[in-house]
Each structure stands twice: as C-alpha cells, then as structure tokens.
Amino acid sequence: MRSLDRKLFRDILHLRGQVIAVALVVACGISMLVTMWSAYQMLLRSQQSYYASHRFAHVFAHARRAPESVEPSIRKIPGVAAVRTRIVVDVTLDITGLDEPATGRLLSIPEHRRPMLNDLLLRKGRWIDPQRPDDVIVSEIFANANRLEIGDAIGAVINGTWRDLRVVGVGLSPEYVYEIRPTDLFPDRKRFGVMWMSREALAAAWDMKGAFNDVTLTLAPDADVDEVVASLDRILEPWGGTGAYDREEQISHRFLSDEIAGNRVSGTIVPMIFLGIAAFLIHIVLTRLVQTQRDQIAILKAFGYTNFDVGLHFIELALVVVAIGTAIGLPFGIWLAKQIAIIYAEFFNLPVLVVGYDPVLISAGIGVSALAAILGAASAVRKGVSLPPAEAMRPEAPPSFRPGFIERLGLFRYLHSSGRIIVRNLARRRGKAFMSIFGIALAVSILVVGRFMFDAIDWMMEVQFHRSQREDVNVIFNLPRSWSVVHDLGNLPGVMRVEPYRAAPVRFRHENRSRRASIMGLPPDADLRKLVDQHGEVTAIPPRGLVLNRKLAEILGVGPGDLVRVEVLEGRRPREDILVARIVDELMGISAYMHQDALADLLMETRSVSGAWLAVDPLEQNELSELLKRMPAVGGVSLRESVLQSFQETIAQNLWISTFMMVFFACVIAVGMVYNSARIALSERGRELASLRVLGFTKREVAVMLFGEQAILTLVAIPVGFAIGYGLAALIVGFYDSEIYRIPLVISKKTWGFAFLVIVASALFSGALIYRRIRRLDLVEVLKTRE
Amino acid sequence: MQKSKRRILIYSVIAIAVVAIVVMALIPDPVIVDAATVERGPMRVTVNEKGETRAKDRFTVTAPVAGELRRIELREGMEVGQGDVIAQIEPLPLDARQRQELTARADAAASALSEARSLADRAQSTLALAQSERRRIESLAREEIASDEALERARTSEQTARNELEAARSRVRTAQAELEAARSGLLAVEPGRSNRIVEVRAPVEGEILRIPERSARVVQAGEPLIQLSDSHEIEIVVEMLSTEAVKVSSGDLVIIDEWGGDEPLRGTVRLVEPSGFRKISALGIEEQRVNVVVDLAEAPPALGDGYRVEARVVIWSGQDVVHVPISALFRKAETWAVFVVEDGKAVAREVGIGHQNDVQAEVLSGLDPGETVILHPSNDLADGVRVEVRSRG
C-alpha cells in the first residue's frame, strides 16, 4: 500500500486548489455548526446555572398591601419550597446628566446579607448599612447606562417627598436580567432601573410596617405550578392581588428566553441547513473529482489492485479533504463559539458563563461531512471499477451523436462554432449540467438566506418606528388620570399634539388558557400611534370588541368572532366576556387594543388616561423634559428615538451577530463551490480542449468554450438559487416566532443583488485562475496520458 | 471580421446586462412615505379646555336667621313662583350681638343693592353710547369712510356693553333678594311678635336646581337652603389657564363637544372674568386659572346644570389660509421645514409657519397649494432621496 499512499500524497499536492476549496466548504459547514450551536448551548446552560445559583423564583405575585400574617398560609400551599415577601415600589428618579425623568423600581432587601430568593450578586461596593436608610444598591445595567458610581446621589420622589438616595453598591439579580418597564416593548436601560433598599426604610416611607406587597416563591420539583398560582391568587385576592404568574410570564425571563430562543434558530436550524448544503456540495464535488480520475482507476486495476484497494484509496482522498476541512473548521469554530458566547453573556447580562462543547454534536458534524464525502467518492469509484480496465482507460465515449433539441430548432445557424460546442456539451450531459446548476444554486441560496435577515430587521424597524410609533414623547402617568390632563399636556411648552391612551392590566382567559397582558384603549382618530400589521398596512380600531395581535390570539387560541374572558386586575376588577373583533398581525410584543370608549365602559369609568403620546417641537424639548421631571403625576417618560436606539442595541444587535456569521460562511461556501465547479470542468475537459488546440483552435477560443459553458451554468443557477433561497428564508421565518418579535419574510433588492454579485465575482475570480491553467496547458502531456 | 464583430456585440450585450442588473440592485428602493397635499381653505386655532354647564342667573336662598329649619317639602326640578314660601325657620332667641349682626346684614344688603343699581345704570348708559357709536360707524362704513375693522370693533364693544348690562341687572336682582331675606329675618325676631316663624320666600319665579339638605335641622344664618334659577337658560364656565385666557376675548366663537349629543354645539364667549384663581391641575402642578363664561347659541333641553363638556374656543380663524398637516413639519436648525415631493424625489424646503393648531399649520411662505408634502418624515429621508407615496385606502 506504500505506493498508493505516495500516490495519495501526490494527488493531493496536484489537486491542491480543489482540495483547499472543498476543505473550506467542509470547514464552513463544521465551524458554523460548532460555533452557533455551542454558543447557543452555552447561553442556555449559563442561564440555567445563573438561575440555580441565585435561586430565581418560580412564581411571582403582587398585591396592594398584605399583612405579614398572610405569609404562613402562603408557605403552607402544597408544593411551595421557599417564600420571600418584600416591598416593591416604582418611583420617579432624577439622574444627573439625564434630561428626562427616570423610573426606579425599589425592591426591599434584608438589612443584613443572607441567602434569599432572587439573590443579589454584588458586583461592586458593599451591602446596605442598617443605620443609613438612604443606602441603595443599583443594578449594574442601570448604573452602566447612566455612569453611576459608588457614592453618587440619586434624587428620588419617595411617596411624595424628595429624598437623596446614595449608591453604595452595584448588583445583579436573575429576576432582572432584562429591566423593562411594564408598559414598554423593549428595555430602556437609561430610563428604567432596579434598585435595592432596606426593607425597614421602604416600609417606613410607604406605611408598610408589618406588611408586604410582593411575594416570590420557589417550588418543590414535583409541584403543580397552576395549582400553586391559583392558591396564591385566592390568598392574595382580598389584599388587592393583581394575579400570580409563573416564570413563563415573568417579563425578564420571558425576554431572555425569547432572545435565547431566537438564537436557537440561528444555532440549530441555520447550521443544519448550512451543513446539509455543505455536505451536498462535498458529495457533488468529490463525485466529479473522482470521476476525472477514471483513467487512473483503470490503470490501478490493470496493475492488479483489487476493487477494494482502489475504492479505499479514493475514499482516503475524500477523507483527507474532510480532515483538512475539519482541521481548519473545528478549532476555528470552537474559538469563535467562545468569543460569541462571551459577547452574548455580556449582552444578556449573564454574570455566569458555562463554557462547554457537545462532543456528540461535533462528531455528528464531522460524521455528516465525512459520510457525504465517502458516498460521493464511493459512487464514482464504483462506476469506474465496474468497467474493464482497458475500456476505462479510454476516455468516456460520447453518449450519442444525434442532433439535439436546439440543433433541430435550427438555432445553430446563429451560433459560432465554439458556441455550438458549448450548447452541444450542455445538452448531451444533462445530468452533469443539472448537478452543476444545482450546486451553484445552493450556494446562491445560502447567500440569500444569510443576507435577508438584515432586510427583516430593517423592515421591523420601519414598521414599528415609522409606521406605527410616530410620537416624539410618551408620557406615562403613575395612576390613571382624568381626561382633563389632555388639555394640561397640550398647554405645556413645545407640545404640538396630544393623543391620550388608557392601558388596563387584565388577565385573558379562554378555555384552559390564560395570559396576563394589558388592553390599550386608543382614540379612534390617532395619528401618532397606529395599529400596523406586518405588511405595514394600517388597521382601524373597531368601535366595539377587542383587537388582539396574532401572537396573543395564538396563545389564547382565539380568532375573530370568539368570546374571550377579560378579568381586569385593577379598580373595580370587572370580569366580562368580550368579542374578539379583529386580529392584527403585528411584528412585536403581545398586545390587545380597544376603542377608548369601549374600554371605559368595560372598566366602568368615564374616560381616563394612563399616558399620552405627544408630538413635540424639538426646539422646546428640553424645556418640556425639565417640566415633566417635576410633575408629580408623571411616572415615566420615554422618547421614541431612545426606544429605537434600545431596539437597535438589543434585538437588532443580537440578530446582527448571527446574521453576520451566516453571511460570512455563505460567502466562503459560495466562492468554494463556484471555483470547484469550474476547476472540475477543466479537468474533465482537459483532453478535449487539448485536442481542439491541436486542431488549430487558439487558446482564447478554447477558453471561451470552457467559460461560456460555465457562464451559462452560473446564469441559469442564479434564478434557481433565488427560488431555493426564498424557500429556505420562508422556512426560517417560521421558527423566529417569539412573544417579543416575529421576523417578517422580506427580501430586498439589495439581498438579491448581493447574492448575484458574490456569485458573479467568484465566477470571474475562478475564471481568472483557470485561464492561467489553460494558458499553461501542456498539449503533449495531456494528450499522451492514455497511450 | 463579421464574426468578431458579432462576438463583440454578444459580449457587450452580456456585459451591459450584468452591469444593469448590478446597478439596479444597488440603487436603493424608493422610500415609501405617507403624504398629503398643501391646501387652501378655512382654518382655525382653538384653545381647548373642559367646562361645566351652569344655570344662568342662579339664586342661592340662604337662611336669614339662625333657627330650626322645618323639613323642606319641595324637590329639585319643581317650579316656584316669586314670593312663594319655600322654607320655614323657627328662629332661636337672639342675643344683642346677634341682633346687631342681623341688622348689619340687612344694611349691607341694602347698600349692595344700591351699588348694583348704580352699576346697572352705568351699564345702561355705556350700552346706549356703544349703540350710537356703532350706528355712526355703520353709516360711515356704508360710505366706505370707516374701515371694516373699526366697524367690527364697534360691534364687539356694543356686545360687551350689552353683556355687562345683563350681568349688572342680574346682580341687582340678587341684591334685592338678599335684602328682602335679611329684612324678613329682622322682622321675625322683632320682640313681641306672635308668629315666630320666619318664612323664606322665593326671590324670583324659577326652577329649583338643588336642595343641599331637605330634612329638618338647625341652621345658621347665611347657610344655603335652596338654589334656584329664574330661567331655563344655561351657560358654560370654562376654567382656563390665565396664559391661555388672555388670547380669548368676548364674542369669540366656541364649539362645545363631548356633551353627550352627536352634533357639537355652538356658543360665544360672553365674559372673561377679570380675576383669576389658583388651582392644582390634573398633572399635579399649581397654576393660575380664569373663568371664561360662554353663552350657548341654542341649548338642548337635556343639558342641565353642572354637566361636563369640552369647550374649544376659536381664538383665530381664517377663511383663505394655505395650510399643511403639522406632522409634515420638522426642525431644520431654528426654522421649520418640510419635505416636498418633486418628480418622485423628496426635496427639503424651509417654510414660514404662522398659526398652528393640533392638526394643521398655516403656511406663510415656502409652499403653494397643491404641492405634496411628506407626513412623519423618517430618518431615511434626505434631500434628493427617491420616494414613493403610499396610496391610502
């Protein structure tokens, strides 16, 4: 076997261009899989480990004011493992350097540090001092966003009186990995933050001595969550409970899980598609590569090597290619996975990063590539060894010489002799032409799949921030206010238009399903905020009945015309069955809307206002912000521009990382594929081309023949690839369907153009490389091989 | 020769096709925008505030003396004639000081009445003056010596004078009623009178609006017993920010919305009260407010006393105004600008803006009627960017 090994070594050297190109495709398939999947797994495990180590609760509930004496009965609910009662209040903050008022959520903590549910990870500074009631620990996210340091003072309106709070520490809690104001769709890190404060100080300020307004529970492993939630609801109902909920509805967990779930698609489905395409390409390329070695197979057989030996030799060749690919792809993938996981962990504010790789997955990736390569080589070898050596040594006989379809049409008259040869070649080897087209088309399609995500993000921003949200400022009141605030707001400096809304927290129930959400009561003539579906079309708000967005309707399992039970969680707590009038296919969040008058009827009140959208003259924006800060009725302010920025920093950036990876790998695969396709065509045709040269054709004419064929194949492959790409994109879109956002199937001209350009450029680049070879074609050498 | 020419032709066709595809792909799609047309037409600027209805000429009948009030048998909504007994009080024995107080009250009522009378006389003569002035200017205007503006001013001052006379007369009636009540109280406690019941009589013929408490009880002198009104007419009081009220003058058109009916009502401002008061707004800030009193052109019978309405006072209006939706405006440094659609492109243009309401803005310069402007211009827009106007509907 020593001589065969030497041949293998020489072959590899000889075919180095192709070997590298195929190995790159293999490397991309494997490293894409390893990177994206491992990063996703690390993220998932980090989340779980963080939750476990800091005792993230399972069930959460809020009430108006419940006495401590209720706690033992909560503890006695079957299945409850641990209970923590606390005081949670939202206050208006004045942060130095921030023009608008910020909202702070104050959470009570014990005066002395001890393990507790939703435990704090102290990043900087110290625990609060029992002697100093104004000590607070600020969340790291909020502190970083506002550049707060230990020792800084924060002005806060605490139960109507102004107090300076002092930052003594910076911490993190699994409960607030994402800090989102309940009325917002995205976190606004600058204007909403969590702070921890001594329970005694909070109790004194809010008259909560011997009472609590918030409780969190962990459950025993076998506990029935729904049963516990129902029991907790019963216990807290008399104390103004707003409905208990489990982790699924806990906003930070929901957001983090959905964001991680978004990575599941780019971490599993997309690498699968990539690996599949890579495997398929490896298969095609190796089949053809081995086919070009047909004469060698015959010679080896003639020398007495068995079919098995010959087969093994070529499979070894294929495996070497895969091994080189793995050697490049695996370490790169492992390195990249860790880098990305670090970025993600920072991005998701996970203090814990569990680094780990799944050996099964890695082996599977390599296995799939190797199998594709072996099958490709084996099928070609089987064809080669089935022929008697003497016949196999001769070049493959042309299958038929009857005039083809195109010749019969008489179109040949218009073609040059090289043109005729091109057309004949393509027409007579339809199988091969088809495989080439399919291979290049797959390369085109992954370019489309990779790039289209950018379009989707752009479209989401267009729909959400330009067609739906058009206000400059959203003012949120701490309590529902009377309608006359509309006039009061209109009288403030710079305010050009006021559109009030009412948001009421409710629990929807339908059959066995339920979901907490809030109903937005909208004015019918709104111009600053519109209901817009995923195609950007505006939906009107009907005078009666509910408008649900598609995601919420799916969660509840309702459609237009169904009745849904609405339990209002504030005020008089009315419960009513309401007709679902319309479903709107929104791209973000889960929302329900009603006409403002219909909502007022449901709430049994005259029109009241929870907040208002304002159009503001930018020249007077600062003056307005100053005034809003000092207004006791204002609980928070959000600016559309900063929400947009926050969206770009969170969701868009997250999608951007994975999209960038996809585009990068897609480009490498596409270039490798096109190059190989052309390179193999040259090997297959070496003999023919040399013969033509001997017959008197010039180098240029010969090159035109080869490139013409490749050009036609590429041009036909592009539209086919577009179609496949569209199909794959549609498939992926189906998987990005979380409560936070849905990805629309939007592919822009830019993406089509990008795929087209990359393919054309790699075709030209491959052509240039191959032209060099044609120029150096040694006629004697090529023609004499078979003698 | 022939062949190579044809080949060149083929190559150049292919090359052009490729370049064309690439160029087409790279040219950005036109930005899809909402747009509206600059129009010429009527426009008005309003000051909006919530208001409350109240009965015009409201009389509050108070207890003339301290004593035991018998149960009031009347009910809200009942009609009473002038001089009808509406309440009976059995006075408590008075000490000297209380008697003195009662006398003083009667004296005060008498002087208030005489003051109200002289005010009414003065208002009468002011009105007469304003009327003759108006007639004079009207005849001058017919000969086109006086300007329309002067005529308008004269009419307004006549209207104001008439309103003031109306108010003065109403004050006279109130003062009269006060005086009568005080006198009857004084009579009732006159020592040696057999019938010691004070009968409180209706000062005017009218409808009872409100009885704070109907049960028998002990009342203090001056405590309100019954509110009544001598007319079915109602007016609207709007508590307006003092900074907004200065823009309002009597005679301004008022549109009343959200009163419960389908069609908005019309009214005119009768009076902007000269004195303001302090109030805490719904936003929690302290501010100065002024009562603006509005007369309704036609009050629907369903509208009672103390009902809530939304008032929009027209402080400026024009019949022939070039206006754009305010959502088209954006700030370019210090000045307002809009994007105009010209040949499928967005062109930024500075505009001069005059009056503004919450929907439209008056265009002083920079735009002509019929031009198309882009609404809610997004960040993607810049001068020269291609746009496509989204069809609405």
Please go through region A:108-139 and pick out each residue that is under 32 Å from the mean Cα position of the chain (by Cα) and surrounded by 18 or more Cβ atoms within 10 Å (Cβ to Cβ).
A:117, A:118, A:119, A:120, A:138, A:139
Only listed residue being in contact with a Leu (Cβ under 9 Å, 6 or more places away or on another chain) and within 14 Å of another protein chain (Cβ to nearest Cβ), chosen from A:715, A:682, A:624:
A:624
Keeping to region B:351-382, report how many residues are within 11 Å of another protein chain (Cβ to nearest Cβ) and hydrophobic (A, V, I, L, M, F, W, C).
5
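Residues checked against (1) in contact with a Leu (Cβ under 8 Å, 6 or more places away or on another chain); (2) modelled with pLDDT of 85 or more:
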| position | (1), (2) |
| --- | --- |
| B:67 | yes, no |
| B:82 | no, no |
| B:93 | no, no |
| B:99 | no, no |
| B:121 | no, yes |
Residue among B:306, B:267 that is away from every other protein chain (no Cβ under 14 Å), exposed (fewer than 15 other Cβ atoms within 10 Å of the Cβ) and either within 22 Å of residue B:227 (Cβ to Cβ) or out of contact with any Gly (no Cβ under 6 Å at 6 or more places or on another chain) (or both):
B:306
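Which one of these is under 24 Å from residue A:365 (Cβ atoms) and surrounded by fewer than 17 Cβ atoms within 10 Å (Cβ to Cβ): A:45, A:6, A:10?
On the way: A:6 fails: under 24 Å from residue A:365 (Cβ atoms); A:10 fails: under 24 Å from residue A:365 (Cβ atoms).
That would be A:45, the only listed residue that is under 24 Å from residue A:365 (Cβ atoms) and surrounded by fewer than 17 Cβ atoms within 10 Å (Cβ to Cβ).
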Every residue in region B:70-99 that is over 40 Å from the mean Cα position of the chain (by Cα) and aliphatic (A, V, I, L, M), please.
B:89, B:92, B:94, B:96
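How many residues are closer than 29 Å to residue B:374 by Cα and either at the interface with chain B (Cβ under 8 Å from one of its Cβ atoms) or modelled with pLDDT under 85 (or both) when one looks only at region A:487-497?
Of the residues in region A:487-497, 6 are closer than 29 Å to residue B:374 by Cα and either at the interface with chain B (Cβ under 8 Å from one of its Cβ atoms) or modelled with pLDDT under 85 (or both).
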As an exercise: evaluate residue B:36 against (1) buried (at least 20 other Cβ atoms within 10 Å of the Cβ); (2) touching a Pro at 6+ places or on another chain (Cβ under 8 Å); (3) among the hydrophobic types (A, V, I, L, M, F, W, C) and give the number of the one condition it does not meet.
(1)
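Return the residues of region A:607-647 that are hydroxyl-bearing (Ser, Thr, Tyr), under 22 Å from residue A:530 (Cα atoms) and part of a helix (DSSP H, G or I); say none if nothing qualifies. Lay out the reasoning, then the answer.
Looking only at region A:607-647, we keep the residues that are hydroxyl-bearing (Ser, Thr, Tyr), and these are A:608, A:610, A:625, A:638, A:642, A:646.
Pick out the ones that are also under 22 Å from residue A:530 (Cα atoms) and you get A:608, A:610, A:638, A:642, A:646.
Across region A:607-647, the qualifying residues are A:642, A:646.
Which of the residues spanning region A:456-482 are within 7 Å of another protein chain (Cβ to nearest Cβ) and of a type outside the set (Lys, Arg)?
Scanning region A:456-482 gives A:466, A:482.
Taking the residues in region A:666-719 that are among the hydroxyl-bearing types (Ser, Thr, Tyr) and under 30 Å from residue A:754 (Cβ atoms) as candidates, determine which candidate is surrounded by the fewest Cβ atoms within 10 Å (Cβ to Cβ).
Within region A:666-719, the subset among the hydroxyl-bearing types (Ser, Thr, Tyr) is A:675, A:677, A:683, A:691, A:698, A:714.
If we keep only those that are under 30 Å from residue A:754 (Cβ atoms) too, we end up with A:675, A:677, A:714.
Values: A:675: 24, A:677: 27, A:714: 27.
Looking at residues that are among the hydroxyl-bearing types (Ser, Thr, Tyr) and under 30 Å from residue A:754 (Cβ atoms), I get A:675.
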Residues that are at pLDDT below 90, assigned to a strand (DSSP E or B) and either within 14 Å of chain B (Cβ to nearest Cβ) or surrounded by fewer than 18 Cβ atoms within 10 Å (Cβ to Cβ) (or both), drawn from region A:517-566
A:529, A:532, A:538, A:539
Looking only at region B:279-303, filter to residues that are surrounded by fewer than 17 Cβ atoms within 10 Å (Cβ to Cβ), farther than 13 Å from residue B:241 by Cα and under 17 Å from the mean Cα position of the chain (by Cα); which one of those is nearest to the other protein chains (Cβ to nearest Cβ)?
B:297
Given the structure, is residue B:130 of a type in the set (A, V, I, L, M), touching a residue at least 40 places away in the same chain (Cβ under 8 Å) and part of a helix (DSSP H, G or I)?
no
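Checking the conditions here, which among A:120, A:98, A:93 is farther than 23 Å from residue A:207 by Cα, in contact with a Gly (Cβ under 7 Å, 6 or more places away or on another chain) and of a type in the set (A, V, I, L, M, F, W, C)? Don't jump to the end; show me each part of the working.
Details: A:98 fails: in contact with a Gly (Cβ under 7 Å, 6 or more places away or on another chain); A:93 fails: farther than 23 Å from residue A:207 by Cα.
That would be A:120, the only listed residue that is farther than 23 Å from residue A:207 by Cα, in contact with a Gly (Cβ under 7 Å, 6 or more places away or on another chain) and of a type in the set (A, V, I, L, M, F, W, C).
Condition check: crowded, with 20+ Cβ neighbours inside 10 Å, modelled with pLDDT of 90 or more and under 30 Å from residue B:24 (Cβ atoms). Does residue B:361 satisfy that?
Values: crowded, with 20+ Cβ neighbours inside 10 Å: yes; modelled with pLDDT of 90 or more: yes; under 30 Å from residue B:24 (Cβ atoms): no.
When the stated conditions are applied, residue B:361 does not pass them.
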For the list (1) of a type in the set (Asp, Glu); (2) outside any strand (DSSP E or B); (3) at the interface with chain A (Cβ under 10 Å from one of its Cβ atoms), I need the number of the one condition that residue B:73 fails.
(3)
What residue, among those in region A:726-783 that are closer than 19 Å to residue A:461 by Cβ and within 14 Å of another protein chain (Cβ to nearest Cβ), is surrounded by the most Cβ atoms within 10 Å (Cβ to Cβ)?
A:751
Are there any pairs with C-beta distances below 8 angstrom linking a residue in region A:554-576 that is closer than 18 Å to residue A:234 by Cα to a residue that is among the polar types (S, T, N, Q) and in a loop (DSSP other than H, G, I, E, B), with the two at least 6 apart or on different chains, and if so which?
A:569/A:242; A:570/A:242
Take residues that are touching a Pro at 6+ places or on another chain (Cβ under 7 Å) and without any contact (Cβ under 8 Å) to a residue 40 or more places away in the chain and tell me which of the strands (runs of 3 or more DSSP E) falling wholly in region B:306-393 contain 1 or more.
B:330-332
With the structure loaded, tell me whether residue B:133 is over 30 Å from residue B:224 (Cα atoms) and over 33 Å from the mean Cα position of the chain (by Cα) or whether it fails that test.
no
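Among the candidates B:60, B:46, single out the residue that is within 14 Å of another protein chain (Cβ to nearest Cβ), of a type in the set (Val, Ile, Thr) and in a strand (DSSP E or B). Before you say what the answer is, go through the steps one by one.
Details: B:60 fails: within 14 Å of another protein chain (Cβ to nearest Cβ).
Only one candidate passes the filter, namely B:46.
The values are calculated or read from the model by the stated rules, or taken from the named source; none is laboratory data. Only a predicted model underlies this, so the values are computations on that prediction, with no experimental measurement involved. Ideal geometry is used to build each Cβ from the backbone, glycine not excepted, and the neighbour counts take in all protein chains shown.
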